[in-house]
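Note sheet for the following structure.
The values are calculated or read from the model by the stated rules, or taken from the named source; none is laboratory data. Computed from a prediction, not measured in an experiment: that's the story for all the values here. Positions of Cβ are backbone-derived with ideal geometry, glycine not excepted, and every protein chain shown enters the neighbour counts. Calculation scope for accessible area: heavy atoms of the full protein, side chains included, ligands and nucleic acids excluded. Shrake-Rupley method; radii C 1.70, N 1.55, O 1.52, S 1.80 Å.
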Amino acid sequence: MPTASQNALFGMGNPLLDISAVVDKDFLDKYGLKPNDQILAEEKHKALFEEMAKKTKVEYHAGGSTQNSVKIAQKSVSQYGAGPPCSLTQHARLASRCYPEMRYEPERVVVSPQWMIQEPHKVATFFGCIGKDHFGEILKQKAAEAHVDAHYYEQTEEPTGTCAACITGDNRSLIANLAAANCYKKEKHLDLDGNWSLVEKARVYYIAGFFLTVSPDSILKVAKHACEHNKIFGLNLSAPFISQFFKEPLMKVMPYVDILFGNETEAATFAKEQGFETDDIAEIARRVQLLPKVNKNRQRIVVFTQGKDDTVATVGDKVTMFPVIDIDQNDIVDTNGAGDAFVGGFLSELVQERSLEQCIRAGHYAANIIIQRTGCTFPEKPDFH
């Protein structure tokens, strides 16, 4: 079974330093915050991040959608078990024709435990923009601790992007300040020979749609490289506003997308913007799969998650439903990182050339673990069976 090599997975996006601490009501009132909310930082919130950093029990994590996904992919673990049922096996065969990396696996596979991407380190490469400041240094440290090979474009115009999680009891108020994350420059970073060589080393590429708001030219350059070399390029719809207000750059990159991720709300918004005239998620997935594509050697795969409902995926002309892992609703702590975690689990198997079923199972496992924890955090060692 193939194993992942260093820099085999490439991600590019908006890096944020997640800052988490328990606060009191007075703190929320001081900055005009609600106990359970998600907002973008305004001028009045600028001092909040430094004040959070002075808390006695503050936690830092390397965050941002794409960085979360590649971080989880790097840390994921796989243990083989019984193979897919017959109907899914047929789809695995179909997938293997267009995606040799997604190897067809017999209905019974070896049951010996095997670590996936925890070793070797630095399987995942990440590009994004940060500031030359204290928070930037912490972010670099946290990415290194997660064994992600992060190569940030560092500049002095804007501070490192941050996302504060103000915890009061069971509530979490999120305040995001994108700052430097919005300042990525293709010509000053991606185009440099040393950085581009890391792009060339990768076999699988993943970028969240959020980055379309920052550097669509960078996305196109990476997507075209993947297409020209018959590698796998994945994109996430990320949020409804991407399909609504960044439709032009989204549709410019769509012909190069081999795997498209999204949730049911993002899928429905995309369908409405494209004039599909259906709200059936399976039908939307089928129509997205049929959109024009440059690399004819790889038929597009579309994967739409639906929270607690089945995940929808296309292979060939078929649409398949994949049940998620059952969980007691009382065990759910925080669903904010579920989408990033699903993609991370999926990529951890994909980069090791596993079947589509195995990729989705790993995605479900990772999401199931993350929603039982605060933020996009995870145990030291996954236990994926």
> Can we say GLU266 is of a type in the set (Asp, Glu) and open to solvent by less than 20 Å² (accessible area, probe 1.4 Å)?
Replying inline: yes
> Of all residues in the stretch 232-254, which are open to solvent by 30 Å² or more (accessible area, probe 1.4 Å) and in contact (Cβ under 8 Å) with a residue 12 or more places away in the chain?
Replying inline: PRO240, GLN244, PHE246, LYS247, PRO249, LYS252
> Identify, please: which residue in the stretch 294-310 is under 15 Å from ASN236 (Cα atoms) and not aliphatic (A, V, I, L, M) and is, among those, surrounded by the fewest Cβ atoms within 10 Å (Cβ to Cβ)?
Replying inline: GLN306
> Consider GLN352 against the criteria (1) in contact with a Pro (Cβ under 8 Å, 6 or more places away or on another chain); (2) open to solvent by 10 Å² or more (accessible area, probe 1.4 Å): it satisfies all of them except one. Which criterion is unmet?
Replying inline: (2)
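Restricting to the stretch 300-313, and then to whatever is in a loop (DSSP other than H, G, I, E, B) and at pLDDT below 95, can you tell me which residue is farthest from the chain's Cα centre (by Cα)? Give the derivation first.
Here is the first cut: in the stretch 300-313, the ones in a loop (DSSP other than H, G, I, E, B) are 300, 307-308.
After this cut, where a residue has to be at pLDDT below 95 as well, the list is 307-308.
Values: GLY307: 16, LYS308: 19 Å.
Taking the candidates together, the pick is LYS308.
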> Do you know which residues across the stretch 233-261 are within 14 Å of VAL294 (Cα to Cα) and either over 15 Å from the mean Cα position of the chain (by Cα) or assigned to a loop (DSSP other than H, G, I, E, B) (or both)?
Replying inline: MET251, LYS252, VAL253, MET254, PRO255, TYR256, VAL257, ASP258
> Does VAL324 fit the bill of being touching a Ser or Thr at 6+ places or on another chain (Cβ under 8 Å), modelled with pLDDT under 95 and crowded, with 18+ Cβ neighbours inside 10 Å?
Replying inline: yes
> For the stretch 156-168, what are the residues that are surrounded by fewer than 19 Cβ atoms within 10 Å (Cβ to Cβ), out of contact with any Asp or Glu (no Cβ under 9 Å at 6 or more places or on another chain) and either modelled with pLDDT of 95 or more or closer than 25 Å to GLU187 by Cα (or both)?
Replying inline: GLU157, GLU158
> Restricting attention to the stretch 46-73, and to residues there that are of a type in the set (D, E, K, R) and within 16 Å of GLY161 (Cβ to Cβ), which single residue is modelled with the highest pLDDT?
Replying inline: GLU50
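Yes/no matrix, rows are residues, columns are (1) within 22 Å of PHE342 (Cα to Cα); (2) at pLDDT 95 or above; (3) not aliphatic (A, V, I, L, M):
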| site | (1), (2), (3) |
| --- | --- |
| ASN182 | no, yes, yes |
| LYS188 | no, yes, yes |
| GLY194 | no, yes, yes |
| SER197 | no, yes, yes |
| LYS201 | no, yes, yes |
| TYR206 | yes, yes, yes |
| CYS227 | no, yes, yes |
| LEU250 | yes, yes, no |
| THR269 | yes, yes, yes |
>> For the stretch 169-219: of the residues being polar (S, T, N, Q) and in contact with a His (Cβ under 9 Å, 6 or more places away or on another chain), which is least open to solvent (accessible area, probe 1.4 Å)?
In response: SER218
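Conditions (1) among the hydroxyl-bearing types (Ser, Thr, Tyr); (2) surrounded by 19 or more Cβ atoms within 10 Å (Cβ to Cβ); (3) under 19 Å from the mean Cα position of the chain (by Cα); (4) assigned to a strand (DSSP E or B), marked per residue:
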{"position": "ALA4", "(1), (2), (3), (4)": "no, yes, yes, no"}
{"position": "ASP26", "(1), (2), (3), (4)": "no, no, no, no"}
{"position": "LYS34", "(1), (2), (3), (4)": "no, no, no, no"}
{"position": "ILE39", "(1), (2), (3), (4)": "no, no, no, yes"}
{"position": "MET52", "(1), (2), (3), (4)": "no, yes, no, no"}
{"position": "LYS57", "(1), (2), (3), (4)": "no, no, no, no"}
{"position": "SER69", "(1), (2), (3), (4)": "yes, yes, yes, no"}
